[in-house]
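Scroll down for the structure; my scribbles are underneath it.
The numbers here are math on the coordinates, done by the rules we state, and not lab data. All figures in this text were calculated on a predicted structure; none of them were measured in a lab. Note: ideal-geometry Cβ built from the backbone for every residue, glycine included; neighbour counts use all protein chains shown.
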Amino acid sequence: MAGTKTYEVAPSAARLTGSLRDIGYDFPTAVADLVDNSITAGATRINVFTQFEPNDSYVLISDDGLGMTESGLIEALRFGSRRTYETNELGRFGLGLKTGSFSQCRKLTVVTRTSAKQRAIRVMTLDLNRIERTDRWDITANETSPAIERAKGYLRESPGTVVVWEDLDRVLPERYAESGWGRRRLRSLASKTAEHLAMVFHRFIAGDVDGRGEVVVCVDEDKLRPWDPFAPDEPERTLLPEQTFEIETEDGSSEVRFRGVVLPARDRFSSLEEFERLSGPLKWNRQQGLYIYRADRLVQHGGWSGLRGIDEHMKLARAAIDFDTDLDEAFQINVAKMSVELPPALRQMLERPVQELCVLADDAYRRSANAGGRSEAGKGSKASETALRDVGIALKAAMLEGATLPEFRKAIATLRKRNPELAKQLHL
Ligand SMILES: Nc1ncnc2c1ncn2[C@@H]1O[C@H](COP(=O)(O)OP(=O)(O)OP(=O)(O)O)[C@@H](O)[C@H]1O
Ligand SMILES: [Mg+2]
């Protein structure tokens, strides 16, 4: 508009970087945000190292991905990197590398090399102490320290990127930075991180993602085994048919896929060890519910997103919800990629399938509690037993289509009374 005067009011680097430290990460989720970047860069091997050194501890996250050119590296260190994204790329905000890192440390260095032919190793550092002193968004080239030298060492063998976290003020507050407590804390954070990464990236680690092979992820030299909440190797689990829902976007619509699974009760798991393992980081009860995947990366692990409450009887119920990045806004994905909201239209559409899943899970739970073990198994052949159980599930699902929950329960009770043996065989 003619005559309108504008003033550029650039944010204060010192003030803003300080406040951006607290946007909801913890150590494992911050590392996961960097693993996102490595996966996007096409990495097939990702290593997380935690190194305790009195007053000089550090963390390295290395990958064998594409690496960055000099201008790419400079842009990567900008808060709000300027770039465009393809559908289903894991990045979105241009922030994760910086916000994730500074949630845990004060000095972030990125060491990178682009190809086997290109021998140059580039090193750039973003240091909170410097930013606070100068109030400028400056980065510095070619800093050195034992951690940075170690990172360069990895890239001498092959290209890729290593992110270095030093001055771990949030992880090891000053008075603990040289004590045994500090050492134990770093070790315990590493093991929580291993558990978190094995869950969040389980499809990538298992090689279940279309168009890419297995991604090997190691934490302190230990190779992670994928933690798949749906126990794909358990023969006694019940997979419900996949359902898809169309959700509107700004320029059309996009599909959300829903698939419910009733996990076997404890006595029907292949082993007690597997049952314990599948319990998950928050244990059976709190791991029931929805597992929401954004472009195959888990962004919510358990809970019912307000559709219902946690209930001991439903602890065998888990469901996968998959959405593509064109629904990011509808799902209100946050910077740390650890929280989403179900779009209201989807919430409505999910009510019935979730209820259906919960009825089946409740039933599996009660049957197991009443049967008191495997005593009923073994009558008739395994195949006919499974076939009858599947008929039972199909029957229940069909009945739920046309009946309310009380009507449904009444019908089952009548059948159990009239024909108890058949009801048992059908697992009703
Ligand atoms: N390990 C890596 N290998 C190659 N490029 C990387 C790596 N890490 C970061 N980058 C580059 O730096 C950019 C900035 O990363 P950053 O995590 O800050 O933002 P983003 O991934 O684009 O979005 P989000 O904030 O959603 O994570 C990336 O877009 C990518 O181009
Ligand atoms: Mg990122």
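Ranking of Trp304, Trp165, Trp181 by neighbouring Cβ atoms within 10 Å, starting from the fewest: Trp181, Trp304, Trp165. Each 5 Å bin from zero up to the one holding the largest Cα-Cα distance in the stretch 238-352 carries the following percent of pairs: 2, 11, 21, 23, 19, 12, 7, 4, 1, 0. Bridgeable aspartates and glutamates around Lys283 (alpha carbons under 16 Å apart, same-chain partners fewer than 8 residues away excluded): Glu195, Asp228, Glu273, Glu274, Asp311, Glu312. Put simply, the stretch 135-221 fits an ellipsoid with semi-axes of 28, 22, 13 Å; these come from the alpha carbon gyration tensor as the roots of five times its eigenvalues, largest first.
Across the chain, C-alpha contacts under 8 Å between residues 6 or more apart give a mean separation that, scaled by the residue count, equals a relative contact order of 14 percent.
Pairs Lys337/Lys396; Lys396/Lys417; Lys315/Lys396; Lys107/Lys337: which exceed 25 Å Cα-Cα?
On the way: Lys337/Lys396 37 Å; Lys396/Lys417 17 Å; Lys315/Lys396 19 Å; Lys107/Lys337 23 Å.
Distance filter (> 25 Å) returns Lys337/Lys396.
What whole-number volume per residue, in cubic angstrom, does the convex hull of the C-alpha atoms of the chain give? Write down the numbers at each step before the final one.
Values: hull volume 80.4 nm³, N = 428.
Dividing the Cα hull volume of the chain by its residues yields 188 Å³.
Output the 0 to 90 degree angle, nearest 10, between the alpha-carbon long axis of helix 344-371 and the longest principal axis computed from the alpha carbons of the chain. It is inclined by approximately 60 degrees.
Which of the chymotrypsin sites (Phe, Trp or Tyr not before Pro) across the stretch 220-292 are loop residues per DSSP, with 12 or fewer other Cβ within 10 Å?
Here no loop site has a sparse enough neighbourhood.
For the stretch 13-223, the fraction of C-alpha pairs more than 25 angstrom apart is 34%.
Each of His202, His427, His313 has some number of other Cβ atoms within 10 Å of its Cβ, and from fewest to most they run His313, His427, His202. If the cut-off is a Cα-Cα distance under 19 Å, which lysines reach Lys117, setting aside same-chain residues fewer than 8 apart in sequence? Straight-line reach from Lys117, under 19 Å: Lys152. Listed by chain and number, the lysines placed with their C-alpha closer than 21 angstrom to that of Lys223 are Lys192; residues fewer than eight positions away on the same chain are left out.
Mind pulling the angle between the C-alpha long axis of helix 180-200 and the longest principal axis of the chain? Nearest 10 degrees, somewhere in 0 to 90. Roughly 60 degrees, rounded to the nearest 10. Take each peptide in 206-212, 36-42, 172-178, 104-110, count the other Cβ atoms within 10 Å of every residue, and average; sorted highest first, the result is 104-110, 36-42, 172-178, 206-212.
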